[in-house]
Amino acid sequence: MLTLINTNRMTPAIGPIGLEYVAEAAAAAGIDVHVIDLGLSDEPETLLRDELSRHDPTLIGVSFRNVDDCFWPSAEWFVPDLSETVQQMRTLSDAPVVLGGVGFSIFADRIVECTGADFGIRGDGEQAIVSLYRALQSTRDFDNVDGLVWRRDGRIVCNRPAWPVELSLPARRRTFDNGAYFARGGQCGFETKRGCNRQCLYCADPLSKGAALRVREPAEVADEIESLLAQGVDVFHTCDAEFNIPRSHALAVCEEFARRSLGDKARWYAYLAVTPFDAELAGAMRKAGCVGINFTGDSASGLMLATYRQPHRSEDLAQAVRVCRDNGIKVMIDLLLGGPGETPETSKTTIDFFKQVKPDCVGASLGVRIYPGTGMADVLAGEGPLETNSALRRKYDGEFDFFRPTFYISSALGPNPARLVKDLIAGDERFFEPMEEEVGAAATDHNYNDNTDLVEAIRNGARGAYWDILRDLRGE
Ligand code: B12
């Protein structure tokens, strides 16, 4: 038996889509699958104890979605909780433990090492879990299990990441209680592709999903939406890196949704790159049920866009907002303030630009989470010793370690950069403001980590992307 455990207890609760695909794929391969969902339980430790004492698994799979909350200054790190959960499992079962998940895949070897888990899978779990399960039952030859992080003679070995070129996923989505997640989380995820071929300076997606785009058949995506509609779920969010890359596939998915009239039954939100985006794509998305788009805007300053390696320009941002308006789609722009070279002037350029262009919301995030293996880590290597780099922010002592939440805020923004940004925003309600470092400052940000306003709004019936729900709350 394969026991799969969801450890994500952040609220509002997001359904474990990745673990659900893994569970469905393992069951389809003939493996007896049992799931333990700590995300919906009021007493997770008791649930884990009861379930593991009743079953005798061959392998325990544990999903780890978020390594940290990627939000400065909250900077919450979840690895210690995962270590505790793995230790608790050790007292309850002798079965080997394998870890997996999107956050996990960014730091796979470090997490296996520090939690003491037996294995990890970096990348897609669907085929890898089946290979690992079979290897455990037969030869114990682990060399050919793609994505596997394991120990040979006490040393950690990392096989090549599991990013299979052909992407076909189970459309059933019946393993977890998606209805309950919908009631508590207000939306349900779906994927149309994996991987991202862009080179944004800061982004970890290529580390966990690979840099090659791997698309799903549009019909398979539509089957999955129909399965979820039959479970009473009718508001969705894409789980792709960027829905519009490649544009041709986004259009094909929308056409399939429209052909099945899914736009009349479902509402959905998507993350998009600013380009390519045009009236034809927006029209097709609206017809297919899309009601809101969150663009990776980053900045409106040409200098900062070049630093972040974004191909779009401020004119593209203005056009994206206009095209959304014309097509009745709500629009949120995500900013990333404080990167290398950011100054009060570039911040002002960006904030003033969006005050004029008037999207529905602007997420003014301040501070870039630094991941090893990204362009940000290279920039830092060129800025001299970390110990004397005044742009670095963290909440731990000792040596710098980018495994732990470590952020970059350009020192040119001065001693209180959040205050500076808030002053530039000057109370414009479209903006979600950065969080100040002083304890007790009022929260006007958009951190979804244990966000009680959102939890309550969803309990009272709100549904949709969190920025849209927060926007509605502000309007009340
Ligand atoms: C969509 C999305 C959201 C949506 C979710 C909508 C929804 N209804 O699902 C919203 C906007 C709500 C959101 C919120 C947050 N998100 Co988010 N999100 C994503 C995104 C784009 C997709 C995640 C996803 O579902 N992927 C699809 C599934 C199928 O893939 P998967 O989970 O990786 O699962 C596969 C493998 O990992 C593996 N696997 C998974 N589990 C297991 C278990 C085992 C045993 C095995 C073997 C394998 C395995 O197999 C699966 C199938 O192949 C990712 C970035 C990205 N491109 O992946 C960020 C991402 C996961 N989010 C991130 C963060 C930080 C957050 C927030 C904490 C932000 C915040 N402070 O508010 C919150 C947390 C919310 C929560 N309650 O957990 C970070 C995590 C990084 C980190 N340091 O850990 C990411 C990676 C973005 C980033 N690069 O910064 N998010």
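The values are calculated or read from the model by the stated rules, or taken from the named source; none is laboratory data. Computed from a predicted model, the values in this text were never measured in an experiment. Quick reminder, even Gly has a Cβ in these numbers, built from the backbone with ideal geometry, and neighbours come from all protein chains shown.
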Checklist entry - Ala426: without any contact (Cβ under 8 Å) to a residue 12 or more places away in the chain and over 28 Å from Gln199 (Cβ atoms), yes or no? => result yes
Checklist entry - Which one of these is part of a strand (DSSP E or B), over 22 Å from Val321 (Cβ atoms) and either touching a residue at least 12 places away in the same chain (Cβ under 8 Å) or in contact with a Phe, Trp or Tyr (Cβ under 8 Å, 6 or more places away or on another chain) (or both): Arg404, Arg419, Arg393? => result Arg393
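Table: residues versus (1) among the aliphatic types (A, V, I, L, M); (2) under 23 Å from Glu433 (Cα atoms); (3) in the same structural domain as Asn447 (by TED's automatic domain parsing).
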site: Gly297; (1), (2), (3): no, yes, yes
site: Leu317; (1), (2), (3): yes, yes, yes
site: Lys330; (1), (2), (3): no, yes, yes
site: Glu345; (1), (2), (3): no, yes, yes
site: Phe353; (1), (2), (3): no, yes, yes
site: Asp360; (1), (2), (3): no, yes, yes
site: Gly373; (1), (2), (3): no, no, no
site: Ala377; (1), (2), (3): yes, no, no
Checklist entry - Any residue at all in the range 140-163 that is more than 23 Å from Asp240 (Cβ to Cβ), touching a residue at least 40 places away in the same chain (Cβ under 8 Å) and either touching a His at 6+ places or on another chain (Cβ under 8 Å) or near the ligand (Cβ under 9 Å from one of its atoms) (or both)? => result no
Checklist outcome for this item: Of (1) closer than 30 Å to Ile469 by Cα; (2) surrounded by fewer than 17 Cβ atoms within 10 Å (Cβ to Cβ); (3) among the β-branched types (Val, Ile, Thr), Val102 fails just (2)
Checklist entry - Among the numbered criteria (1) closer than 29 Å to Leu207 by Cβ; (2) part of a helix (DSSP H, G or I), which single criterion is violated by Glu437? => result (2)
Checklist entry - Residues of the range 192-209 being among the charged types (D, E, K, R), surrounded by 19 or more Cβ atoms within 10 Å (Cβ to Cβ) and touching a residue at least 40 places away in the same chain (Cβ under 8 Å), which ones? => result Lys193, Arg194, Lys209
Checklist entry - Is it the case that the range 416-424 has a residue that's under 27 Å from Val379 (Cα atoms), more than 12 Å from the ligand (Cβ to nearest atom) and among the β-branched types (Val, Ile, Thr)? => result yes
Checklist entry - Would you call Ala443 among the aliphatic types (A, V, I, L, M), modelled with pLDDT of 95 or more and either under 26 Å from Arg184 (Cα atoms) or within 16 Å of the ligand (Cβ to nearest atom) (or both)? => result no
Checklist entry - Among the residues of the range 179-199, how many are of a type outside the set (Lys, Arg) and more than 10 Å from the ligand (Cβ to nearest atom)? => result 6
Item to check | Residues located in the range 143-157, provided they are among the charged types (D, E, K, R) and surrounded by fewer than 16 Cβ atoms within 10 Å (Cβ to Cβ) | outcome: Asp143, Arg151, Arg152, Asp153, Arg155
Next on the checklist: Here is a list: Ala212, Ala230, Ala306. Which entry is surrounded by fewer than 19 Cβ atoms within 10 Å (Cβ to Cβ), modelled with pLDDT of 95 or more and within 14 Å of the ligand (Cβ to nearest atom)?
Outcome noted: Ala212
Next on the checklist: Between Thr46, Thr11, which is surrounded by fewer than 20 Cβ atoms within 10 Å (Cβ to Cβ) and either near the ligand (Cβ under 9 Å from one of its atoms) or assigned to a loop (DSSP other than H, G, I, E, B) (or both)?
Outcome noted: Thr11
Item to check | Criterion: more than 7 Å from the ligand (Cβ to nearest atom), under 25 Å from Thr46 (Cα atoms), of a type in the set (S, T, N, Q) and touching a residue at least 24 places away in the same chain (Cβ under 8 Å) - qualifying residue of Gln87, Gln137, Gln127 | outcome: Gln87
Checklist entry - Can you tell me which of Arg134, Arg160, Arg140 is part of a helix (DSSP H, G or I) and surrounded by fewer than 18 Cβ atoms within 10 Å (Cβ to Cβ)? => result Arg134
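Table: residues versus (1) surrounded by fewer than 16 Cβ atoms within 10 Å (Cβ to Cβ); (2) at negative phi; (3) within 8 Å of the ligand (Cβ to nearest atom).
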| position | (1), (2), (3) |
| --- | --- |
| Gly15 | no, yes, yes |
| Ile31 | no, yes, no |
| Glu51 | no, yes, no |
| Thr58 | yes, yes, no |
